[in-house]
Each structure stands twice: as C-alpha cells, then as structure tokens.
Amino acid sequence: MSIITEAQIIAALSTVNDPDLNRDLVTLNMISDVRIESGNRVSFTVMLTTPACPLKEQIKQSCIAAVNAQVPGVSAIEVTMSSKVTSSCGHHGGHHHGEPHTCCSEKPLKNVKNIIAVASGKGGVGKSTFAVNLAVTLAKTGAKVGLIDADLYGPSIPTMFGLLDAKPVVAEKNLVPLEKFGVKLMSIGFLVDTDTAVVWRGPMASSAIKQFINEVEWKELDYLIFDMPPGTGDIQITLVQTLPLTGAVIVTTPQDVALADVSKAVSMFRKVDVPILGLVENMSYYELPDGTKDYIFGHHGGEIFARTHGLAFLGAIPIDRQVREGGDSGTPYILDHPGSPTSEAVNRAAMEVARRVSITNAENAAAK
Ligand code: ADP
C-alpha cells in the first residue's frame, strides 16, 4: 500500500471550487489542518468565508468526492467545516480610489473586517428594521457584529433594543458600545435626546456620525452594520465618500421602486465606487393564513428593479404585523419568532448579505 501524503490531499482539494467565489479552495486559503493518521485516515478543515454558509454541505461533499476520486487507498475522511469572515481591507490596502483603508490604519477600526451600509431612497421603508434584524441574525450565526444607528432625526435603536435609558461609558477617550442580543450598539439616541438632534445640520451631523466609527471601541467585529440616515442628501453623500465601506444594502418597498429615490441611492454609491451588495424588498407581500401571498403593492417590483439596474436581489420580506410590534417592544422580530415564514425570509436575506460580502472581498482580493 502506498503512503498517502498531505500534498496529494492538497492536490485533490485544489480541484474543488467555491461555487460563489469561482476559485479553488486551496487558492482561497480555505484548507487547513490536513492530517493523515494510521496511513490512510484523512482529516482536514475547510474554512468558509460566511458563517452558516448555505453551500457548506455541497462544498463538504465535493471535498470528499475529490479526495476519494483522486487519492487511492483512503479509508476514512473527516472534514471539519468552519468559517472565518474575510475583511474588505484585508490589511492589503483598500479599494476606494486606491487609497489605503482607514480601517487598517486607525486604531479603533483596526479589527473591524467589514462595514456594511444599510441605505434607502427615503424614510419609512423599513431600513432600520432590516438593519436591526440583519445584525441580530448575523450575530446568531456566531459572527461578531456591531450596529450603528446614524439617523440623527429619528434614532430607532434605543427603542428597537429596549435601551431607552441606557448610556454608553467612556474608556480611554473612546466610547464603549452597549451590547444586547449579541450585538454591539451605538446610536445617536444614546448620547443626546432626540429633540436636540433635530437641529443638527450638514457638517456637524456627519462629523458626529464619523465619531461613531472612529471613536468607539468596537474591538473585533466581522460585520459593522451602519444604519444610514434615509435619502441621498449632503450628509449621506459625505458619509459614503468618507467611511471605509465594504458595500451597501439598499432597502426599498415595492411601491417605491418606481420612484426616482431608489435610483438616486444607487447612483450615490456608484459615484464613489462603493459596491452595492444588493437590494432588499421590504413589505413585499402579505401572507394569508392559508399560505398564499397577496402582493398588495404589485409583484416582484424590487426584483425587476434590481435586474434592470444590475444589482443582486437579496430577498423579499413580507408585511407582518409582528415585525412592527417587535420594533416597538424592544426585542427584534426574529428573536421572538424564530422559524416563522417572515423570519425565514429575513434569514435568507441576511445570509445573502454575508454571501455578497464574501464575494465582494474575494473579487477585490483577486483584483489586487
Ligand atoms: P426606515 O428606517 O426606513 O425609516 P423603519 O424601519 O423605521 O423604516 O420602519 C418604519 C415602520 O414600518 C416601523 O413602524 C416598522 O416597525 C414598520 N415595518 C418595517 N418593516 C415592516 C414589515 N416587514 N412588516 C410590517 N411593518 C414593518
């Protein structure tokens, strides 16, 4: 019997592609801990780039098939599937206009892998609700998640997380974020009362928001979700120009996709080369007790808009009274209703966001 070598295993695994990233697992540095025991028992770890990756089982089976087909004499294969979120700065410099990413050089953000803006063309479409449920969903998969509420005019995180009277503390000149449901939180609502915030304008507002990024002890994060102020005004434009964003998620409702607002949000990100991870359609339909879907505001508007604008469609989330109630009660919807059809829709959209982040980072890494 010939001896099985680590090199043979690596060679076999280099024929397995990650279907999303279109490169093989060895090139993507996803294989580690290759071991051969008793001469013919093989084990290795596959490190995926999204937590709870939906392709996990498929990739695992492909690995087993490749080793069985290409390495003779293997008696057992043990594959450990693990995950490690990739970083948009990756400590290889940034993708914005060739300038170095601030997240690599400035201290508080040194260990923040990805900043994801959640934006909308106008207010009231459910942007904050999605941002909150996205953050909580990603945290549930085991990812380290932070959430910034940058809505100066109507901060919603204190209400949505049941933290109306909470105040962050200062440690070594930086603010320490609050933490609830596994998510680190910072909101303008924790610092000033909302009535005061309303008078904030332009430069003052955007510099306050930038402090949230740069002067908060975020420590290690896989994803920092940035709930943008709605719309495409001066504050928003300054933010997308200056924040080291990995990408943006645009939230819309079906009746609004026809409006110019959503296109304006798309153009705003494209103008400054921030990748748009995709579009989420919120309040897409109402699910009747018998399971049929009533598309109150028309069918698939968001999906068609995404396709015609070259955007990924991240998912459709139904109108659900309990989503609104969750927003008011202080416990995000998906924590109170795990497994419901609406939670499943939110979960799929959140996994799509994680997937698009991983694809965007792989594309940027390949372009360098
Ligand atoms: P935005 O951040 O875009 O201004 P919000 O997230 O504050 O919007 O949502 C506006 C209102 O709509 C809130 O009362 C929220 O609870 C409600 N809402 C958001 N998404 C849904 C949904 N899918 N079903 C029912 N109500 C929703």
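The values are calculated or read from the model by the stated rules, or taken from the named source; none is laboratory data. In this text, all values refer to a predicted model and were calculated from it rather than measured experimentally. Cβ coordinates were reconstructed from backbone atoms using ideal geometry, including for glycine residues, and neighbour counts include every protein chain displayed.
Assorted remarks:
- Of all residues in the stretch 309-328, those that are on the phi < 0 side of the Ramachandran plot have Cβ atoms under 6 Å from Cβ atoms of residues that are more than 8 Å from the ligand (Cβ to nearest atom) and among the basic types (Lys, Arg), 6 or more apart or on another chain, in ALA312/ARG356.
- Scanning the stretch 40-70 for residues that are part of a strand (DSSP E or B) and crowded, with 21+ Cβ neighbours inside 10 Å yields a count of 4.
- Annotation: of all residues in the stretch 299-320 being within 16 Å of the ligand (Cβ to nearest atom) and not in a strand (DSSP E or B), the one that is farthest from VAL262 (Cα to Cα) is ASP320.
- Within the stretch 275-300, the set of residues being buried (at least 20 other Cβ atoms within 10 Å of the Cβ) and either more than 23 Å from the chain's Cα centre (by Cα) or touching a residue at least 60 places away in the same chain (Cβ under 8 Å) (or both) comprises PRO275, LEU277, GLY278, VAL280, ASN282, MET283, TYR285.
- Within the stretch 159-183, the residues that satisfy the criterion of being closer than 15 Å to GLY330 by Cα and modelled with pLDDT of 90 or more are THR159, MET160, PHE161, GLY162, LEU163, LEU178, GLU179, LYS180, PHE181, GLY182, VAL183.
- Elements of type helices (runs of 4 or more DSSP H) contained in the stretch 124-191, each with 1 or more residues being of a type in the set (Gly, Ala, Ser) and away from the ligand (no atom under 16 Å from the Cβ): 127-140
- Against the test of being in contact with a Phe, Trp or Tyr (Cβ under 9 Å, 6 or more places away or on another chain), of a type in the set (Val, Ile, Thr), part of a helix (DSSP H, G or I) and more than 16 Å from LEU134 (Cβ to Cβ), the options ILE213, ILE296 yield a single qualifying residue, ILE213.
- Test: residue in the stretch 336-349 that is surrounded by fewer than 20 Cβ atoms within 10 Å (Cβ to Cβ), more than 28 Å from ASP20 (Cβ to Cβ) and within 16 Å of the ligand (Cβ to nearest atom): yes
- Residue match in the stretch 73-88 (condition: part of a loop (DSSP other than H, G, I, E, B), at pLDDT 95 or above and either in contact with a Pro (Cβ under 9 Å, 6 or more places away or on another chain) or within 29 Å of ALA367 (Cβ to Cβ) (or both)): no
- All conditions in (1) within 16 Å of the ligand (Cβ to nearest atom); (2) touching a residue at least 24 places away in the same chain (Cβ under 8 Å); (3) part of a helix (DSSP H, G or I) hold for THR331, with the sole exception of (3).
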